[in-house]
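To start, the structure itself, in structure tokens.
The values are calculated or read from the model by the stated rules, or taken from the named source; none is laboratory data. Computed from a prediction, not measured in an experiment: that's the story for all the values here. Reconstructed Cβ throughout: ideal geometry from the backbone, glycine too, with neighbour counts over all protein chains shown. Accessible surface is based on the protein model in full, side chains and every heavy atom, while ligands, DNA and RNA are left aside. Shrake-Rupley method; radii C 1.70, N 1.55, O 1.52, S 1.80 Å.
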Amino acid sequence: MMLKGGLIGCGFFAQNQLHAWRDLDGVEIVAICDRDAGRLNATGERFGIGRRYTDAAEMLVNEALDFVDIATTAPTHRPLVELAAAHGRAVICQKPFAIELGDAEAMVAACAKAGVPLMVHENFRWQTPIQAVRRVIDEGAIGRPFFGRFAFRSGFDVYSGQPYLAEGERFIIEDLGIHILDIARFVMGEASSIACRIQRVNPKIRGEDVATMLLGHGDATSVVDCSYATKLPVEPFPQTLVEVDGDRGSLRLVEGYRLTVHGPGGTRELDVSPTLLPWAERPWHNIQESVQAIQRHWVECLTRGAEPQTSGQDNLQTLRLVDAAYRSARSGQVQHLTG
Ligand code: NAD
Ligand code: 89V
């Protein structure tokens, strides 16, 4: 069966999603939409997609879609997700799913009421090195994790490709920390508390570009630290470096996609480099490969009727951490999560 999708938002990141869709079996993007006709047509020409709309509502009325892929920025997510749900279409929505938790809860409720699957495009956990870390833990190679560190420290210029990142009152937790918090949940399990400090080092941007967070995951602890103000001799963008200590060993994922696993059986060095897909470019290839992986997961879930890993419901928990991190940074108090 060939699933038919319609993509809304033909901007910077959607190009990766369209490349990935084109290379996946069993799925085809049959229509695209952007309210900017120039971007719409340039993207349509690039990917050979003739059915083009500047109005999402019109696309939903005219096209027989199995799903809608929303690749716009957060302020438009809720109206677009609700539109897709009202038409009974399955939905993928880019991160950040919402800025306000209430909007995220409303989207989850709208899709549940319409009986349509909803997945947040939270792709960082699908990166090859992160999957390798989780596999090592699942195999029991280091025993029960009691400490984790998830570090994304970089000086890469993200602002030229995504100018809006420099303009918002909030920046690094909302845009990037959200991925790293999701990785911490994926590796260490659900978090029950968070404390956070933020800094703005780059005076040319509006929001915070450094965030340091301490999480409790039951008995285990993790540190999630993010920075776009870190100048290093070798620029690691977009790698998340990981340390996990378990009661029988440890793992270290270091720059250059090298994973060292130490346990009762000895020490192993693994190369966990992402594949450079034919359409990808360094250093983005790590993220680009994860886009293909999460979209493959979506096709498998829709085909089997299974719940995607990063369903809307699941992503509420990551968003609660983001929200609590900002509250902690404001108040100086540890925030405890429920639910
Ligand atoms: P962008 O501004 O380059 O593109 C968004 C596009 O959506 C624009 O072309 C705009 O005209 C269009 N649009 C907005 N509202 C619309 C509407 N109602 N109907 C039709 N078109 C509409 O943004 P971007 O940098 O591509 O980011 C998009 C999203 O992707 C953001 O939420 C961002 O956080 C996310 N993102 C995710 C990753 C990742 O690894 N998952 C990486 C980068 C960006
Ligand atoms: O993945 C993202 O959401 C991007 C970036 C890696 C630049 O932070 O915005």
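Of note:
- If the condition is being among the polar types (S, T, N, Q) and in contact (Cβ under 8 Å) with a residue 24 or more places away in the chain, then region 205-233 contributes Thr221, Ser222, Ser227, Thr230.
- Any hit, region 77-90, residues being open to solvent by 30 Å² or more (accessible area, probe 1.4 Å), under 30 Å from Thr275 (Cβ atoms) and more than 11 Å from ligand 1 (Cβ to nearest atom): no
- Of the criteria (1) polar (S, T, N, Q); (2) part of a helix (DSSP H, G or I); (3) touching a strand residue (DSSP E or B) at 6+ places or on another chain (Cβ under 9 Å), which one Thr72 fails: (2)
- Restricting region 119-169 to residues that are small (Gly, Ala, Ser) and assigned to a loop (DSSP other than H, G, I, E, B) leaves a set whose member that is surrounded by the fewest Cβ atoms within 10 Å (Cβ to Cβ) is Ser160.
- Residue in region 267-275 that is hydrophobic (A, V, I, L, M, F, W, C) and assigned to a strand (DSSP E or B) present: yes
- Residue in region 10-31 that is free of Cβ contacts under 8 Å to residues at least 40 places away in the same chain, farther than 14 Å from Gln295 by Cβ and part of a strand (DSSP E or B) present: yes
- Every condition in (1) of a type in the set (A, V, I, L, M, F, W, C); (2) surrounded by 20 or more Cβ atoms within 10 Å (Cβ to Cβ); (3) in a helix (DSSP H, G or I) holds for Val61 except the one numbered (2).
- Test: residue in region 81-100 that is within 16 Å of ligand 2 (Cβ to nearest atom), assigned to a helix (DSSP H, G or I), aliphatic (A, V, I, L, M) and under 21 Å from the mean Cα position of the chain (by Cα): no
- Search result, residues across region 170-204 that are within 12 Å of ligand 2 (Cβ to nearest atom), over 20 Å from Lys231 (Cα atoms) and either open to solvent by 10 Å² or more (accessible area, probe 1.4 Å) or free of Cβ contacts under 8 Å to residues at least 12 places away in the same chain (or both): Glu174, His179
- In region 41-61, the residues that are without any contact (Cβ under 8 Å) to a residue 60 or more places away in the chain reach residues that are among the small types (Gly, Ala, Ser) and open to solvent by 80 Å² or more (accessible area, probe 1.4 Å) with C-beta atoms within less than 9 angstrom, at least six apart or across chains, in these pairs: Leu60/Ala86.
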